[in-house]
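The values are calculated or read from the model by the stated rules, or taken from the named source; none is laboratory data. Every value quoted in this text rests on a predicted model; they were computed, and no experiment measured them. No Cβ is skipped: glycine too gets one built from the backbone with ideal geometry, and neighbour counts run over all protein chains shown.
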Amino acid sequence: MKLGFKVSVIIPVYNCERFIEKAVRSALQQPEVAEIVVVNDGSTDNSLKLLKTLQIEDERVKIHHHKNKKNKGRATSRNLGIKKASSNYIAFLDADDFYLENRFKTDAKVFLTQNEADGVYNAVGFHYYRNVSENDANKTNLCTLSQGISPNEIFEAFMLGKGHLHLNGLTLKKEAIRLSGLFNSKLTVGEDTDFIYKLALKCKLFAGVVTQAAALRGVHENNVFSNRKVYSKYHGKTYESLIVWSAKNNVSLTRIDKQLSYLWFFYSGEKNKFFNQLLSWVKIFMSSFRLFFSNLNLKYFPIVNLIKK
């Protein structure tokens with residue numbers, strides 16, 4: 001283990017009494033875990049009671065709440081967890097997911113041998129709590145990227161559809177988050193994708209274990225990610241947020257061009273294609289002088305594209 005390699009695991013919890021004990025215990029069994037920063041996001045079931053029992057068993061379990069114990073959502077809860085974390089390394093775990101044995105073993109080695117590494121990513125698999133069709137099962141393979149991808153090319157790999165990552169498989173230096181920023185609390189869903197893409201744009205992420213799962217994502221009837229309508233609604237907003245952030249944080253116009261190209265392609269399959277593109281153009285280009293006075297302005301202006309056709 002890397003000397004001083006201790007991890008704070010951040011778990012946002014909202015009404016997850018069915019799964020939370022398994023999640024916490026899976027983190028407690030990892031020798032590299034210094035603390036589990038649990039943010040109880042206004043749960044109304046027995047989640048808090050279970051957490052207090054776990055805290056009595058192991059003092060590494062730290063329980064936090066939002067002001068007045070309100071429900072603030074996953075992004076704000078993770079942000080609070082980041083602020084409360086005391087370790088130099090941070091990892092995430094959703095309350096209905098769990099780590100597998102040796103979750104951080106390879107991460108420690110990577111950080112030891114790669115001084116420039118801001119983070120390490122690992123493959124995440126799926127655990128089914130409900131019956132799924134063969135078609136759905138085939139769609140939920142490993143969340144991973146190829147080990148051969150350079151840290152400088154991870155964002156481009158995302159844009160080309162070469163794979164994707166999940167928060168459960170990420171381990172980050174806490175200082176890396178200062179480069180990419182916290183989670184976007186304005187996004188109800190897709191905040192994890194937004195966060196990971198920002199990391200890929202600003203930080204150097206190295207491969208850990210990418211051919212087999214280091215953690216498993218629980219698939220059950222209440223999963224938000226199973227609700228395609230919700231994700232479709234916020235998918236465009238996620239990319240709009242990312243593009244605006246990229247413009248403000250001096251991401252190259254070439255990379256912003258790739259983001260815009262993907263967003264316009266996504267909207268091309270929507271019913272209100274022209275309206276969505278026009279509204280998105282206003283949100284993006286009116287928020288950034290840099291983009292407004294770039295060649296991307298006319299390239300993605302919907303009326304110009306309409307005339308060309």
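Some points to look at:
- Qualifying residue in the stretch 31-48 (condition: aliphatic (A, V, I, L, M), more than 30 Å from Lys109 (Cβ to Cβ) and more than 22 Å from the chain's Cα centre (by Cα)): yes
- Note on the stretch 169-209: residues that are in a helix (DSSP H, G or I) and buried (at least 18 other Cβ atoms within 10 Å of the Cβ) amount to 16.
- Some residue of the stretch 36-49 being over 27 Å from Ile177 (Cα atoms), of a type outside the set (Val, Ile, Thr) and in contact (Cβ under 8 Å) with a residue 40 or more places away in the chain: yes
- Filter pass, Tyr262 being surrounded by 11 or more Cβ atoms within 10 Å (Cβ to Cβ), touching a residue at least 12 places away in the same chain (Cβ under 8 Å) and farther than 17 Å from Leu201 by Cβ: no
Each row is one residue, and each column tells you yes or no for (1) within 12 Å of Ile10 (Cα to Cα); (2) of a type outside the set (A, V, I, L, M, F, W, C).
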{"site": "Lys49", "(1), (2)": "no, yes"}
{"site": "Lys52", "(1), (2)": "no, yes"}
{"site": "Lys72", "(1), (2)": "no, yes"}
{"site": "Ala75", "(1), (2)": "yes, no"}
{"site": "Leu80", "(1), (2)": "yes, no"}
{"site": "Ser86", "(1), (2)": "yes, yes"}
{"site": "Glu101", "(1), (2)": "no, yes"}
{"site": "Phe104", "(1), (2)": "no, no"}
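- Residue in the stretch 3-23 that is buried (at least 20 other Cβ atoms within 10 Å of the Cβ), closer than 18 Å to Ser77 by Cβ and without any contact (Cβ under 8 Å) to a residue 40 or more places away in the chain present: no
- Meets criteria (in the same structural domain as Phe19 (by TED's automatic domain parsing), under 28 Å from Lys186 (Cα atoms) and not charged (D, E, K, R)) for Asn79: yes
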